[in-house]
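What follows is a single structure, written as structure tokens, with notes after it.
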Amino acid sequence: MSHILITDDNSAYRTSIIDVLELEHYTLTEAENGEQALAQISANPPDLILCDIDMPIIDGLEVLRRVKANPKTSHIPFIMITGRKDKATMTTAIELGANDYIQKPMEIAVLLEKIKQVLGT
């Protein structure tokens, strides 16, 4: 089953996503900030990254920038999940290489469908 990294500084939000994705039998790892996410991506590259934007230490856009700039990780699909609703941020994320952009609060069915689309499952 596919390995997904969930990065969000809100532990309750992270846990709710994990609870749903465990029911779908994905292998899951989590990070509470961009620095942790980058360390995990380097140590054990996932098949998909779900990442918030507004986080301490390193924000999600910088995580995306670094993942896509690294030849070893640039192929990993990346979905932003964020409370930001401005078009400029969405455009920046897509230009940096995000495969999709989901606004919080999100519907779980939408998240599951986008994951399946990106992973081709």
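Quick one: check the C-alpha center-to-center distance for region 1-44 versus region 73-92, whole angstrom. Centre-to-centre (Cα) distance: 16 Å.
Accessible area per residue was computed with a 1.4 Å probe on protein heavy atoms; Ser74 scores about 50 Å².
Counting only aspartates and glutamates at least 8 places from Lys85 when in the same chain, those with an alpha carbon closer than 20 Å to its own are Asp8, Asp9, Asp52, Asp54, Asp59, Glu62, Glu95, Asp100, Glu107. Scalar couplings 3J(HN,Hα) for region 20-27, obtained by applying the Karplus form with A = 6.51, B = -1.76, C = 1.60 to θ = phi - 60°, are 6, 6, 4, 5, 8, 6, 7, 7 Hz; x denotes Gly and Pro. Per-residue Karplus couplings for region 65-77, computed as 6.51 cos²θ - 1.76 cosθ + 1.60 with θ equal to phi - 60°, are listed in order as 4, 6, 4, 6, 7, 8, x, 6, 10, 4, 7, 6, x Hz, Gly and Pro entered as x.
Listed by chain and number, the lysines whose C-alpha is less than 26 Å from the C-alpha of Lys87, apart from same-chain residues fewer than 8 away, are Lys68, Lys104, Lys114, Lys116.
Basic side chains Lys and Arg get +1 at the Cβ, acidic Asp and Glu get -1 at the Cβ, and with that the dipole of region 79-121 about its Cα centre reaches some 100 debye.
Compute the longest continuous run of the chain that contains no exposed trypsin sites (Lys or Arg not before Pro); treat a site as exposed when its DSSP state is not H, G, I, E or B and it has at most 10 other Cβ atoms within 10 Å.
No qualifying site falls inside 1-71, the longest such stretch.
Using the Cβ atoms and a cut-off under 11 Å, what net charge is assigned to the surroundings of Glu32, where Lys and Arg are +1 and Asp and Glu are -1? Mind dumping the intermediate values first?
Numbers: positive: Arg14; negative: Asp8, Asp9, Glu30, Glu35, Asp52.
Here the charged neighbours net out to -4.
The accessible surface of the chain, taken with every protein chain in place and a 1.4 Å probe, is 51 percent carbon and sulfur. Largest to smallest in accessible area, the residues Val20, Val67 fall in the order Val20, Val67 (1.4 Å probe, all protein chains included). Taking the helices alone, the chain has a mean residue ellipticity at 222 nm of -14000 deg cm²/dmol, built from -39,500 (n - 2.57) per DSSP H run of at least 4 residues and averaged over all its residues. Normalised by the number of residues in region 67-112, the mean separation of alpha-carbon contacts (under 8 Å, six or more apart) gives a relative contact order of 38 percent.
For the chain, with only Lys/Arg (+1) and Asp/Glu (-1) charged at the beta-carbon, what is the dipole magnitude about the Cα centre, in debye rounded to 20?
On the way: 11 positive and 18 negative charges, 86 e Å.
Approximately 420 debye in magnitude.
Can you give the accessible area per residue of the chain, in Å², using a 1.4 Å probe?
On the way: 6060 Å² over 121 residues.
Dividing the accessible area of the chain by its residue count gives 50 Å².
All other residues whose Cβ lies under 15 angstrom from that of Ile94 are scored, Lys and Arg at +1 and Asp and Glu at -1, for a net of +3.
The values are calculated or read from the model by the stated rules, or taken from the named source; none is laboratory data. Not measured: the values here are computed from a predicted model. We place every Cβ from the backbone using ideal geometry, glycine too, and count neighbours over all the protein chains shown. SASA here: full protein model, heavy atoms, side chains in, ligands and nucleic acids out. Shrake-Rupley method; radii C 1.70, N 1.55, O 1.52, S 1.80 Å.
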